[in-house]
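Peer 1: Dropping the structure in here first, questions after.
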Amino acid sequence: MAVCARLCGVGPSRGCRRRQQRRGPAETAAADSEPDTDPEEERIEASAAVLAGVGGGLCAGPSSPPPRCSLLELPPELLVEIFASLPGTDLPSLAQVCTKFRRILHTDTIWRRRCREVLHRYRHILGLWQPDIGPYGGLLNVVVDGLFIIGWMYLPPHDPHVDDPMRFKPLFRIHLMERKAATVECMYGHKGPHHGHIQIVKKDEFSTKCNQTDHHRMSGGRQEEFRTWLREEWGRTLEDIFHEHMQELILMKFIYTSQYDNCLTYRRIYLPPSSPDDLIKPGLFKGTYGSHGLEIVMLSFHGRRARGTKITGDPNIPAGQQTVEIDLRHRIQLPDLENQRNFNELSRLVLEVRERVRQEQQEGGHEAGEGRSRQGPRESQPSPAQPRAEAPSRGPDGTPGEDSGEPGDASAAAEQPAQCGQGQPFVLPVGVSSRNEDYPRTCRMCFYGTGLIAGHGFTSPERTPGVFILFDEDRFGFVWLELKSFSLYSRVQATFRNADAPSPQAFDEMLKNIQSLTS
């Protein structure tokens, strides 16, 4: 029944859509509204030669001529079973026979089975992965897409348009048409598919290798490659970027990332589990990070704390580190709109809450000891031996550290002011910089939080106080007091399959693993 229910719509397949894509919108709509009984039944019967070994036995009688039986009369679930048993090379032709066959061949069940049976060795690579690209990280989504398994690299929109949809490009693909051997192609570069290789290191790790890296080169040399990369990565030319420090960061990223030539190791990541008690639905968000541009952050909830973990990072705070940590026990009541413009007033409110948090940690025995070890006296005293970079070069980032697992303190929460009312006016204080001035002007509630800042190379990292502002279900912000800057985050709206954690423990272990790689 599950298979039947899924046949009402069309899956994510691309390969079988090619015939549709050659039509105009009106023709496509007409094709999708065709009845299951195609007028070209004679053509269908002729194509049944492909299925003769299966279809012939269904209608044959022992003592009389078999009645005329159309494949279209078979139940959809039986057709799924038949089509799934055919060689992959026959499926494109079969998809062109009629609308019903095309719909059935768009069913994920067929292609998932091919992943298990035909390409058994690649069955573990579907889902979300983080490439090991030094501090930069990334987000790879491996899916069954038509006649291929394709690895799509997801990229944030161009800075500072945080509400724009994600961009994506293919890095590799595996053919599903062969019965005995799989063909792997590298999709990196601008010269089309070429020979590649995938090695399954272990269940939650695999690597890719390009066997023809000359396909990545351009006739104009490295300068042309840089200009092309800059247009794709930032949507502009170097001449459009006037900030010298930002130019240095961009050039550094190009030099660092291009040396890999799509020869990368990937480690599995999961989407965070959700609970009805969560403040908002956890998931992936795009966030503004000053000169570093937009980065991808995973928001997850851990009891009375929320954490933002970087999926993509930068030389200051690498991927895998926690960019913000929010204490959901300590709400902050913003002042009236006029006083919100006063940075000193906001700073006073936040520092008062920080002092209260410190006192609670000191009274909490062992738990307080853990808290002091993570945010000790050095929190507001950078080491003179390793001075941090100037504010523009420091990428604000989330706090590392193990989950203390502390339960919510009901009495402490009760002492906090009431939450910001629905639709309470919000404005950034004067002097606080923001990459995106188009932030929401109302908020739902605010909480005390901390963020991680560091010098280049993740030197002298320290947690600093800030304010977490919840705007709505899909957007939140964070004010970094020490940097006098504001980060705006917007939810990634893409749907990812095969990405749920098998258990909350597996998700927590995954967070620790990706953090340890850059600590």
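The values are calculated or read from the model by the stated rules, or taken from the named source; none is laboratory data. This is a predicted model, so every value here is computed, not measured. Glycine gets a Cβ as well: all are built from the backbone with ideal geometry, and neighbour counts include every protein chain shown. Protein only, heavy atoms only, side chains kept; ligands, DNA and RNA dropped before computing areas. Shrake-Rupley method; radii C 1.70, N 1.55, O 1.52, S 1.80 Å.
Peer 1: Report the FRET efficiency, 1/(1 + (r/R0)^6), for Val427 and Asp164, where r is their Cβ-Cβ distance and R0 is 30 Å, rounded to 0.05.
Peer 2: Given R0 = 30 Å and the Cβ-Cβ separation, E is 0.80.
Peer 1: Could I ask something else about it? Grab the other residues whose beta carbon is less than 12 angstrom from that of Asp438, score K and R as +1, D and E as -1, and report the net.
Peer 2: Neighbourhood net charge equals 0.
Peer 1: Using only the alpha carbons of the range 147-282, what is the convex hull's orientation-averaged projected area in square nanometres?
Peer 2: Spelled out: convex hull of the Cα atoms, projected over all directions, averaged, 11.9 nm².
Peer 1: Measure off, as a whole percent, the carbon and sulfur share of the 1.4 Å-probe accessible area of the range 457-519, all protein chains present.
Peer 2: Carbon and sulfur together cover 47 percent of it.
Peer 1: Please work out how much length the chain gains when fully extended from Arg123 to Asp278, using 0.36 nm per residue of separation minus the C-alpha to C-alpha distance, in nm with one decimal.
Peer 2: Taking Arg123 through Asp278 to full extension adds about 52.5 nm, to one decimal.
Peer 1: What distance in nm lies between label points placed 7 Å from Cα along the C-beta direction at Glu239 and Ser516?
Peer 2: Result for the modelled spin labels: 5.0 nm.
Peer 1: Now a separate question. Taking loop as defined by DSSP and a crowding limit of 12 other beta carbons within 10 Å, which GluC sites (Glu not before Pro) in the range 463-519 fit?
Peer 2: Glu473
Peer 1: Which links in Lys191/Lys286; Lys209/Lys281; Lys100/Lys286; Lys484/Lys512; Lys281/Lys512 stretch past 32 Å when you go from one Cα to the other?
Peer 2: From Lys191/Lys286; Lys209/Lys281; Lys100/Lys286; Lys484/Lys512; Lys281/Lys512, over 32 Å: Lys209/Lys281; Lys100/Lys286.
Peer 1: Rounded to the nearest percent, how much of the accessible area of the range 147-258 (1.4 Å probe, protein heavy atoms only) is carbon and sulfur?
Peer 2: The nonpolar share, carbon plus sulfur, comes to 54 percent.
Peer 1: DSSP loop (so not H, G, I, E, B), at most 11 other Cβ within 10 Å: list which GluC sites (Glu not before Pro) in the range 257-364 pass both filters.
Peer 2: In loop regions of the range 257-364 (DSSP not H, G, I, E or B), the sparsely surrounded GluC sites (Glu not before Pro) are Glu363.
Peer 1: Write down the accessible area per residue of the range 178-318 in Å², having rolled a 1.4 Å probe over the full set of protein chains.
Peer 2: Details: 6600 Å² over 141 residues.
So the range 178-318 comes to 47 Å² accessible per residue, rounded to a whole number.
Peer 1: I would also like to ask the following. For an R0 of 22 angstrom, estimate the FRET efficiency from the Cβ-Cβ distance between Asp214 and Tyr256 and round to the nearest 0.05.
Peer 2: About 0.60, to the nearest 0.05.
Peer 1: In nanometres, what is the gap between the two model label sites at Glu338 and Thr442, each 7 Å from Cα along Cα-to-Cβ?
Peer 2: Output for this residue pair reads 2.3 nm.
Peer 1: Now for a separate question. Would you please give the residues with an amide H less than 5 Å from that of Thr518, counting only those at least 5 places away or on a separate chain, with H modeled from the backbone geometry?
Peer 2: Hits under the 5 Å cutoff: none.
Peer 1: For the range 166-175, just list the computed ³J(HN,Hα) in residue order, Karplus coefficients 6.51, -1.76 and 1.60, θ = phi - 60°, integers in Hz, with x standing in for Gly and Pro.
Peer 2: 5, 9, 8, 9, x, 9, 7, 8, 10, 6
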